[in-house]
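One structure is given below, encoded as C-alpha cells.
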Amino acid sequence: MNDNQPNRRSESANPIVVIAVSVGALAIVLICCVLHGQALIQARNAAARLQAKNNLAQVKEAIRNYHAVSDSPPLVPTEPFRFLSWNIESGGNDPAVIAEQLAQLGHYDIFGLSEVAPSNTRCYLLAIQEARGTPYESFVSVTGRSDRLLMIYSKQRLELLDSQELEAHDGVRMNSVNFRHRSPLVGHFRDKQSDAEFLVVLVHLARGNADVRREQAEGLRLWAADQDLPVIGIGDFNFDYEFANGYVSSLGAVWSYLSPLAISITMVEAHL
C-alpha cells in the first residue's frame, strides 16, 4: 500500500498465463506441471477457456486432454515449482522479524516481496539463503522509492536470463506519469531441470487510486497476451477477493487463476 507516500521461444504467440493473488499479505502457490515451452503453450487454448475459479487440477486436466489428441510426447515431470508472494508492509514492519519469518517459511523457488525498503533487500536475501543452505540471488525494482518490489530466486533450480520493469505496453501505462507507484517487475527464467523458459511478473498495483490500478491491470493483460512464453503472475494485485466463494474480480480472458495452497489473513483492522 503506502501509495500516498512521496514516491518516486517458443513457436506460438499464445502463452499459458496463471495468476496468484496475494490477499492481505501472504500467498503460496505450487505449480506441479512442467513449464515446457511449446507443449504448454499449445495447451493454453484449452486452459484459457476455464472459468476464473479454475484450480491446479483443472489446468492439469486441460494439459492431459491436449496430450490425448496430440502427436507430441507427454510432458516430462519435474519437481513442482513453489512460489511465495508477500506484502511485508514496509511502513510498519521490523526487518529483523521479517527476515526471521522468511527463514522459517520453508523452500520456495521464487519469493516475490512487495513494499520492500531498499536498505533491507540484502538481509532478506541472506536470511533465505542461509536458512536453506543453497544459493539464492535477487533483483529489485527501481520504481517504488521506499516501497520496492524484490524477487528472490533459487540459483540451484533457475537461471535468470533477463529482467525488466514494465512502464507501458501498447500505449497503456503500468505506472503513473510521475512513477509514484510501482511498475511490474519481470524475470525471464530457465528451469535447469527441464530447460524450459518462462516469465514471472511480480506486481503491487495501486490501492488508493482505482483509475491507476485499472490501467495497470489493463496493461498487464495486453502485455501477457503478447508474450511467447508462459507467464506466472504473483504479488499484491489489490483486487477484491470474496473469501466465501473464492471469487477474484477483474481477471479477464487472458489470465487464469490458480488458488494458493493457503491464504493467510495476516493483517487485522481495528475498529474502535
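Where a number appears in this text, it was derived from the coordinates with a stated rule and is not lab data. Computed from a predicted model, the values in this text were never measured in an experiment. With ideal geometry, Cβ positions are generated from the backbone for all residues, glycine too; neighbour counts draw on all protein chains shown.
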> Length gain on complete extension for the stretch LEU161 to GLN101, per 0.36 nm per residue less the alpha carbon to alpha carbon distance?
Replying inline: 18.7 nm
> Check LEU258: other-chain or 5+ apart residues with amide H under 5 Å from its amide H, H built from backbone geometry?
Replying inline: ILE19
> According to a simple spin-label model (label point 7 Å from Cα along Cα-to-Cβ), what is the distance in nm between THR134 and ASP170?
Replying inline: 3.8 nm
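Which of rounded, prolate or oblate describes the range 108-227 when judged by the alpha-carbon gyration tensor and an a/c cut-off of 1.5? Please list the in-between numbers first.
Working: a/c = 2.88, a/b = 1.43, b/c = 2.02.
Oblate.
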> With point charges of +1 on the Cβ of Lys and Arg and -1 on the Cβ of Asp and Glu, referenced to the Cα centre of the range 110-233, which listed residue (VAL116, LEU222, THR143) lies farthest in the positive direction of the dipole?
Replying inline: VAL116
>> Can you work out the Karplus-derived ³J(HN,Hα) for every residue in the range 148-156? Use 6.51 cos²θ - 1.76 cosθ + 1.60 with θ = phi - 60°, whole Hz, and x for glycine or proline.
In response: 8, 9, 10, 10, 10, 9, 7, 6, 5
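Within 14 Å, Cβ to Cβ, of LEU160, how many net charges do the neighbouring residues add up to if Lys/Arg are +1 and Asp/Glu are -1? Present the calculation step by step, with values, prior to reporting the outcome.
Values: positive: LYS155, ARG157, ARG190, LYS192; negative: ASP109, GLU137, GLU159, ASP162, ASP191, GLU197.
Local net charge: -2.
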> What's the local net charge at ASP236, with K and R +1, D and E -1, over the other residues with C-beta under 9 Å away?
Replying inline: 0
